[in-house]
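A.B. asks: I have a structure I would like to understand better, so I am pasting it below and will then ask my questions one at a time.
The values are calculated or read from the model by the stated rules, or taken from the named source; none is laboratory data. The structure presented is a predicted model; accordingly, all values stated were derived computationally and were not measured. Glycine gets a Cβ as well: all are built from the backbone with ideal geometry, and neighbour counts include every protein chain shown. Areas reflect the complete protein model, heavy atoms only, side chains present, ligands, DNA and RNA absent. Shrake-Rupley method; radii C 1.70, N 1.55, O 1.52, S 1.80 Å.
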Amino acid sequence: AGILSRPACAAGCTCSAPLYEAVATTPQHVALARAVAEASTVLLKNEQRALPLRRGAVVALLGRACSAHTPIDPARDAWTAGDYFVVGGTGRVAFRRDPTLASALRARGVTLHVSPTDRISPALRAMRQADVVVACGGATASESEDRPSLRLDQHDFLTQLGLLR
């Protein structure tokens, strides 16, 4: 008799329209997204006034998560597929663009020295030429599978970077 007795779709089978064709950019959706983003913002100490990044700054962009793309294609990939930017499952929102941190920084006018791996030696080379270091980490999530821990995929790499002086 209620909404749960007649589901809108069967997960993985008939959910294309509600998952990929729904409009989630109404003013109400945008307001909610902004409120969630504001509530989850991490404040950084800006003791050496590194932020905001100035045009012309040289930035070392370290780690594979910084260079990750959003390769999900709703027409090709399973509805449960996720990546560093898009959660897999019924909460997934597929982007029409493929934004990366590198493209956003370049648009801001900074010069990048990118080390797209989670290895220390290439990261050190990129850091030697930089005014500022940005290191990225991430983890994927999907409602259809469990992760073995809450650690970031790049935990060891980021810990090693943190020990450098």
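A.B. asks: Does ALA68 satisfy the criteria of being touching a Leu at 6+ places or on another chain (Cβ under 8 Å), modelled with pLDDT of 70 or more and open to solvent by less than 40 Å² (accessible area, probe 1.4 Å)?
C.D. replies: In short, no.
A.B. asks: A further question on this structure: Filter region 107-117 for residues that are assigned to a strand (DSSP E or B) and either touching a helix residue (DSSP H, G or I) at 6+ places or on another chain (Cβ under 6 Å) or within 15 Å of SER67 (Cβ to Cβ) (or both) and give the result.
C.D. replies: Within region 107-117, LEU112, HIS113, VAL114, SER115 qualify.
A.B. asks: Collect the residues in region 118-142 that are out of contact with any strand residue (DSSP E or B) (no Cβ under 9 Å at 6 or more places or on another chain) and part of a loop (DSSP other than H, G, I, E, B), keeping them in residue-number order.
C.D. replies: Listed by number, the residues that qualify are ARG119, GLY137, GLY138, ALA139.
A.B. asks: Would you tally the residues in region 36-65 being modelled with pLDDT under 90, open to solvent by less than 100 Å² (accessible area, probe 1.4 Å) and not in a loop (DSSP other than H, G, I, E, B)?
C.D. replies: Residues in region 36-65 being modelled with pLDDT under 90, open to solvent by less than 100 Å² (accessible area, probe 1.4 Å) and not in a loop (DSSP other than H, G, I, E, B): 3 in total.
A.B. asks: Filter region 117-165 down to the residues that are among the aliphatic types (A, V, I, L, M) and open to solvent by 60 Å² or more (accessible area, probe 1.4 Å), then identify the one that is modelled with the lowest pLDDT.
C.D. replies: Here the residue is LEU150.
A.B. asks: Related question: Tally time: how many residues in region 12-35 are at pLDDT below 70 and either under 30 Å from ASP131 (Cα atoms) or touching a helix residue (DSSP H, G or I) at 6+ places or on another chain (Cβ under 9 Å) (or both)?
C.D. replies: Residues flagged as at pLDDT below 70 and either under 30 Å from ASP131 (Cα atoms) or touching a helix residue (DSSP H, G or I) at 6+ places or on another chain (Cβ under 9 Å) (or both) within region 12-35 amount to 0.
A.B. asks: So, one more: Tell me which residues, restricted to region 21-56, are under 20 Å from the mean Cα position of the chain (by Cα) and of a type in the set (D, E, K, R).
C.D. replies: Hits for region 21-56 are ARG34, GLU38.
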